[in-house]
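Note sheet for the following structure.
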Amino acid sequence: MSAPNPVLRKAMTTRYAVALYMSSVLGSGVLVLPGLAAQIAGPASLVAWVALSLISYPLAYTFASLSARKPESGGVYSFARESLGPGAANAVGWLFILWYVTGAPAVTVIAASYLAYAFPLTRTEIFLIAGILTLGAFLVNYRGIVVSSRVQLAVIIAIVGLLITAVVASAPSVDPANFTPFLPNGLVPIGVSAALIFWSYLGYENVSNVAEEFKNPEKDFHRSILFSVIVIGLLYISVAVATIGTKAYTAAGSVAPFAVILSNALGIYGAVGTAILAVIIIFGTMNAYTTGISRVIYATAKDGGLPRLLDRANAKTQVPDRSLMLLLGLSWTTLLLFYAFDVPLKTELLIPSGAAILVYIIGSSSGIKLLKINGAKKLFPWISLAISIIMLSFVGWPLLISLTLALLGFLYRRRRPLRAQVTPYPGAKNTGPPVRMSRLGDLSAEDIHW
């Protein structure tokens, strides 16, 4: 008999879950969106930040409740398989792969571009640094979930510390006069900025992908999600207030408000501080998603939605190492294509956004069918579904890529193993029912009677 496939290690606790939640959500959006939203709606963009901070809780609660109900590796994939069938689940698995292998190159290029504010870098050097950041996330995750979680905890502490430093340092420069007029462009731009800001709140589904590795999922999920939503909301709103109060969005901060905020506080060292902040934030996001989506691939492959060679966990580290290798290889390939064809950053970001929103739609639909919630919280999955459908309309033509891959995933079926009947010794009669063998190599030829 062949050795059993190692299982995933149960090592996730509340504090590591908080770190994973926060680094999944606090991504590149916090570096650029406060300035862009303020340009669109002025000080009224704060309304969008507050509203989405509140609305994000139903999204987060839906995925946390599904995970606590039945903790399995794969998160939304597992929910979709139970509620909507294997076809929808396979589509989720393939969408997660698209989400990562197009999103990872985009955000790592953003991080490397921030470094170019502090150090002279060519376009080629920017893309090389982006590839190195992707490799770093792979290496950290290859060491195992404990190492990855500890790195993630350290990264999120650094992220929160740097964000608070930027906000506090900018406080003396905040002028109340900069908040008037509050509605310089009317009410409609608030909605436009909200659609843009929504991308900053994607990520709450990611922790569901490692649910199987929680020590106490029923308790840890709800504790970590409540704390994370509150802290993330306060950080986003604080950064938005600092961006508007200092009018950082009217200068170079229209793209990178932290460059202006930290330059005001640190002088010539502001660019260096901005570069460090960007790299830490985006590496944290990369590490979190590498952890989560590798588990989706592992779960999808176990159920036949991807080739069998991907359904293995490393015997020593108990991580899905082949899934990690797939993500690294495809991400580098996409990064090379982005470089060769000079793909615009907007398009680079819209492709994974389309995949992410489709995953949210399927996950919310699963929540509606599976969750048995009393009171007002029973509306949370419906709220999540409505928000996701509204946001989908803003993706544009890149959505076709996600829809095509989702269809391919829906139709994919791995070849089923052969049925065999097992006999106790050569020449004996078969008396038992047919037994499905997952691998013919598990038995000798003499043991199998066709």
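The values are calculated or read from the model by the stated rules, or taken from the named source; none is laboratory data. Every value quoted in this text rests on a predicted model; they were computed, and no experiment measured them. All Cβ positions, even for glycine, are placed from backbone atoms using ideal geometry, and neighbour counts span all protein chains on display.
Checking the conditions here, which among Leu337, Leu306 is surrounded by fewer than 23 Cβ atoms within 10 Å (Cβ to Cβ), modelled with pLDDT of 85 or more, over 30 Å from Ala248 (Cα atoms) and assigned by TED's automatic domain parsing to the domain that holds Leu162? First the steps, then the outcome.
Working: Leu306 fails: surrounded by fewer than 23 Cβ atoms within 10 Å (Cβ to Cβ).
Exactly one residue qualifies, and that residue is Leu337.
Working only within the stretch 128-170, note down all residues that are modelled with pLDDT of 85 or more, under 17 Å from Ile281 (Cβ atoms) and of a type in the set (Gly, Ala, Ser).
The answer is Ala130, Gly136, Ala137.
What is the one condition in (1) surrounded by 18 or more Cβ atoms within 10 Å (Cβ to Cβ); (2) of a type in the set (A, V, I, L, M); (3) without any contact (Cβ under 8 Å) to a residue 60 or more places away in the chain that Ala288 does not satisfy?
Condition not satisfied by Ala288: (3).
From the list Met325, Met391, exactly one residue is of a type outside the set (D, E, K, R), at pLDDT below 85 and part of a helix (DSSP H, G or I). Which is it?
After applying the criteria, what remains is Met391.
Could you give every pair whose Cβ atoms fall below 8 Å, whose first residue belongs to the stretch 130-153 and is among the basic types (Lys, Arg), and whose second residue is modelled with pLDDT under 90 and surrounded by fewer than 24 Cβ atoms within 10 Å (Cβ to Cβ), counting only separations of at least 6 or pairs across chains?
Between residues of the stretch 130-153 that are among the basic types (Lys, Arg) and residues that are modelled with pLDDT under 90 and surrounded by fewer than 24 Cβ atoms within 10 Å (Cβ to Cβ), the close pairs are Arg143/Thr317.
Given the structure, is Ser56 at pLDDT 85 or above and under 23 Å from Ile159 (Cα atoms)?
Values: at pLDDT 85 or above: yes; under 23 Å from Ile159 (Cα atoms): yes.
In short, yes.
Residue by residue, here is whether (1) touching a Ser or Thr at 6+ places or on another chain (Cβ under 8 Å); (2) among the polar types (S, T, N, Q); (3) within 21 Å of Ala299 (Cβ to Cβ); (4) surrounded by fewer than 24 Cβ atoms within 10 Å (Cβ to Cβ) holds:
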| residue | (1), (2), (3), (4) |
| --- | --- |
| Val32 | no, no, no, yes |
| Gln39 | yes, yes, no, yes |
| Ala51 | no, no, no, yes |
| Leu59 | yes, no, no, no |
| Gly75 | yes, no, yes, no |
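Check the stretch 212-227 and report whether any residue there is in contact with a helix residue (DSSP H, G or I) (Cβ under 6 Å, 6 or more places away or on another chain), at pLDDT 75 or above and crowded, with 19+ Cβ neighbours inside 10 Å.
Yes, the conditions are met somewhere in the stretch 212-227.
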